[in-house]
Structures are given as C-alpha cells and as structure tokens.
Amino acid sequence: MPRILRPTVLGLVLSSAVVAGLIYSVTWRPDAKEVLTVSCPVAAPTLVAGQAIKIMTWNVQYLAGKRYVFWYNLIDGSGPDDRPTREDMAFSLDEVARVIRDEQPDLILLQDLDEEAKASDYQNQLALLQERLVDLYPCSTQAFTWKADFVPDRHIFGSVGRKIVTLSRYQIEHAERLQLPVAESNLISRQFQPKPAMLVSYLPLNDGGQLVAINTQLDAATLNNSNLKRQMQAAAALVDKYESQGTPWVIGGNFNLLPIGQFLRLPAEQRLGYSPDSELHLLWEKYPMLPSNPEATGIDREQWLTFFPNNPSVGEPDRTLDYLFYSPKLQRVEGYVRQEDTQAVSDHLPVVGRFLLPAD
C-alpha cells in the first residue's frame, strides 16, 4: 500500500468505527427470548377452570386518532403529517378508556402504545391509560416492538418507543417476550427498524393449569411480504407447542393479513402487499379464529371489518386485519367487532370475544 494512502485508510476506519459505535449506542438489540416484569398484586383473583373470559384485542395507533394522513399511511410515503397534537392524543386516550370501561373485558391485548417517542410527545401512554383503569386491571405486562434513542428518518428524526401491552383482571404468573423474524435489510437500516414480537402471558387456573395469552403485531403489508410468512410460521409453531401440551391458549393482535376472499374486494391500489392466498391460513387451517372466514367474507362481512385506513381515498372501514385465534379447548360464546363508536379513535377497531375455559 502506498505510504500516502495509509492516513486516509486509517481515517476511514476510525470514522466507520465512530459511526458504528454511535449507531450501537442509540439503537436496541433484544434477545430472542426475554423474561418480562409482571405487575400484579397477590390479591388479584385467579382464573377458575370452566369460567367465561372476555378478551379484547385493539391496536390503538399510539392514540394518534383519525384526523391525519401520516407519511406512512400512503404507499409512496407522501402523507403530509408526521405527528398528532397533544390535544388529539388526549381525546383518543379518553375514548380508549371509555370503550374499555364500557366493555370491561377480563383480558386486553393492546398494540401500539408509545413511551418516550418524539412522535407522541414523549408520553408514557401505558401509564396514562392505567391511571384511568387501575381499579379494573391490577395486572399488566408489556414488551417493546420498536425502540431507539434516535432514528435519522426525516419524518421521525428523534426517539421511538412502541409497545404491545397486556392488561388483566386476573393473575399473570409470568410473561416473556419472543422475538419474531425481522425483515431483511442492510446492516445499518436493520438497527433502526421495528422488531415485532410476541408477548406471552401465563395466567394460572385454580386447578393447577394455565391459560396462555399471546399478544402480537406483525409487520405491515409491503410489496415484499416474505417476512410476514416467516412471522406467521413462528406464531403457528408457538401455538402448536401449547396445543400439543394440552395447554389452552389464545393469540390476538394486529396480524396485518386478510381473511380469505377479501383480497379481490379491495380496489387494486389497496391490494399492494397482500396475497390472494393469505398467510393466515397457517393458523386458520388448524384453529378457530374470530372473526372466522365465513363471518369476514359473508353477507354480514361489513360488521367484521377492523381497519379504517388514514387515507383520504378510503372513507370507511374496508378490511379485516385484527383477530383472535384460540385453542379448540376454548368454547366461543360470542364475538364481535366494536365499530359503532370507535371509528374516530384509531385506524383499527377492537375485536371482542367471550369464551368458556375448559372445565378440566
């Protein structure tokens, strides 16, 4: 190597090391499996074998509401809005608390709550929600799905902190975070992107058994959805394990995938990222889901739509992306999507199911 090049090469190496160290210091690298903290007083009741349990899953869109078209809401990234106002987040917070108080589910699976994120004014949204619901839900656990002290994207240009959260009236014995496959990208971009996960909560039963409740949110649909298939394979493998052990389970959340038959009902520009042969089949072929395919595609299908895009070309809920899948050991009593008074709260609508736990 010519002597004159050596300082230049050394400088590049040092600069690269400094940049790599900076990226490492502001980003987050979760383990594949992490034991989580559970907040739950000993006085909280224990589930009883054979009892009914009401479960809600709801992506609350970091309390951003419906008065915006965010940059990521349009396929070309041209949405004009970067963040909601504090006033709109306060409205959504009150509305989320109102709906939960009205429904009073026993178990709530929430997606997209923020903590210390620039886009949501550095709020701790779980703490704000718990202030309004502490008398109903003594037990909780949470897991980050996106976290960084700084993201250099011009629409963010600051911190992110996004969670999935499980609230329960009943004892949660322990919980864990299981990392889902992360979309392929270059080494640098990968450090800043979301890291979807499954939040697994173990609720003891009075007969010595347990109910496993899994909260998740998969990748948003993109032009290359290969990672969504890998995430669904991971979810299916997990519930297969519990089913083979004889343990009742439920998995709910925002799967970002369509039921059978809805693909062709969407306008061509809204189909991008979705597959006619939905990756959800990895679960529905073996396990019941709410809403079921006949419900989501039948004569009353409008009642089962769960997604209302923040997109000016879409004026009403137009697809189903949120579900509760459950073990055949659970017996469904009722199920519905609460649509009538939630469409101004989030771009997702809550899915509610009531089930009977196995009696023995």
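The values are calculated or read from the model by the stated rules, or taken from the named source; none is laboratory data. The shown structure was predicted, so the numbers you read here are calculated from the model rather than taken from an experiment. Glycine gets a Cβ as well: all are built from the backbone with ideal geometry, and neighbour counts include every protein chain shown.
Remarks
- Filter result (without any contact (Cβ under 8 Å) to a residue 40 or more places away in the chain and of a type in the set (S, T, N, Q)) within segment 194-222: Gln210
- Between Ser327, Ser313, the distinction of being touching a residue at least 12 places away in the same chain (Cβ under 8 Å), within 21 Å of Thr216 (Cα to Cα) and small (Gly, Ala, Ser) belongs to Ser327 only.
- Residue-level analysis places Ala49 among those that are modelled with pLDDT of 95 or more, part of a loop (DSSP other than H, G, I, E, B), of a type outside the set (Asp, Glu) and within 30 Å of Arg338 (Cβ to Cβ).
- Residue in segment 223-236 that is buried (at least 20 other Cβ atoms within 10 Å of the Cβ), in contact with a Ser or Thr (Cβ under 6 Å, 6 or more places away or on another chain) and not in a loop (DSSP other than H, G, I, E, B) present: no
- Taken together, Ser168, Ser189 contain a single residue that is free of Cβ contacts under 8 Å to residues at least 24 places away in the same chain and hydroxyl-bearing (Ser, Thr, Tyr), which is Ser189.
- Test: residue in segment 154-166 that is of a type in the set (Ser, Thr, Tyr), modelled with pLDDT of 95 or more and part of a loop (DSSP other than H, G, I, E, B): no
- Residues in segment 161-210 that are over 19 Å from Ile55 (Cα atoms), polar (S, T, N, Q) and in contact with a strand residue (DSSP E or B) (Cβ under 6 Å, 6 or more places away or on another chain): Gln179, Gln191.
- Only residues that are over 18 Å from Asp347 (Cβ atoms) and basic (Lys, Arg) were counted across segment 77-97, and they come to 1.
- Of all residues in segment 1-30 being touching a strand residue (DSSP E or B) at 6+ places or on another chain (Cβ under 7 Å) and of a type outside the set (Phe, Trp, Tyr), the one that is modelled with the lowest pLDDT: Val26
- The single condition among (1) in contact with a Pro (Cβ under 8 Å, 6 or more places away or on another chain); (2) under 17 Å from Asn293 (Cα atoms); (3) buried (at least 21 other Cβ atoms within 10 Å of the Cβ) that Gly335 does not meet is (3).
- Of all residues in segment 46-64, those that are under 12 Å from Ile108 (Cβ atoms) have Cβ atoms under 6 Å from Cβ atoms of residues that are β-branched (Val, Ile, Thr), 6 or more apart or on another chain, in Met56/Ile108; Met56/Val352; Thr57/Val351; Val60/Val96.
- Among the residues here, Pro267 does not qualify as buried (at least 21 other Cβ atoms within 10 Å of the Cβ) and over 17 Å from the mean Cα position of the chain (by Cα).
- The listed residue being part of a strand (DSSP E or B) and either modelled with pLDDT under 95 or surrounded by fewer than 18 Cβ atoms within 10 Å (Cβ to Cβ) (or both), out of Glu184, Glu176: Glu176
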